[in-house]
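Note sheet for the following structure.
The values are calculated or read from the model by the stated rules, or taken from the named source; none is laboratory data. A quick note: this is a predicted structure, and the numbers were derived from the prediction, not measured. We place every Cβ from the backbone using ideal geometry, glycine too, and count neighbours over all the protein chains shown.
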């Protein structure tokens, strides 16, 4: 298990706390995770390669490239069975490389996210302890509790699953696009023709989802505030027989939370089918063009 590096100093001076300041002490682990990401991306890009060898060099009896033919003949033989054995071995090697890289990346990012969460929670709690009484009077207790728990949990999830995950997706997209351009640039341009419209739709929905998520978090903090107020004032509530009133107030706040959550979920639910339809349109374009190439007898590597 990774040990915590030098802890960030706690300062009483006001100022913005940047996440990069908390991540910087863990740069070694993140660098190793980045190397693992490169290995994972490389394996993802290579996954279709053995299938291409089977189709082109076994089913269609094409010759292997000179740089690969010598290796295959020296390790496996010179007939089609040797090429098949090489393709099977390549699938296994690529899978093992991807699995090891994925494990290292997930282990390191999980460790870093836990330590960053600890440092952020500690820094935030230290800041809350030093707020003035006037600030505490203006702030809802439930909002502060929500920031220390759920908001920091969101930061942990981002570091754990999205920080390097975004990098993996970007590198995989770049790598696959480069391979596709190398094989058939016209085919690639057709496949990417829907990308501008797809990016525009995702960008528009992302802004709306972000706004709805903020509203939902605010409602959740208000709900926590109601619960906290009632539980800390249980004697007063019972002394004045205010149980029914508090139940009604809680139900009203909970209903507002449900309505806000449904609004946010409605926006998120619309994004997925729209993206699926746009991807299906791109698939239709690729399928139509590819089928016409096949009908004309164009090979997978020689079509232009």
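Considered as a group, the residues in the stretch 13-47 that are outside any helix (DSSP H, G or I) and at pLDDT below 85 include one that is nearest to residue 167 (Cα to Cα), and that residue is 18. For residue 247, the conditions (1) loosely packed, with under 12 Cβ neighbours inside 10 Å; (2) in contact with a helix residue (DSSP H, G or I) (Cβ under 7 Å, 6 or more places away or on another chain) are fulfilled apart from (2). The set of residues from the stretch 180-211 being touching a residue at least 12 places away in the same chain (Cβ under 8 Å), surrounded by 18 or more Cβ atoms within 10 Å (Cβ to Cβ) and part of a helix (DSSP H, G or I) comprises 187, 191.
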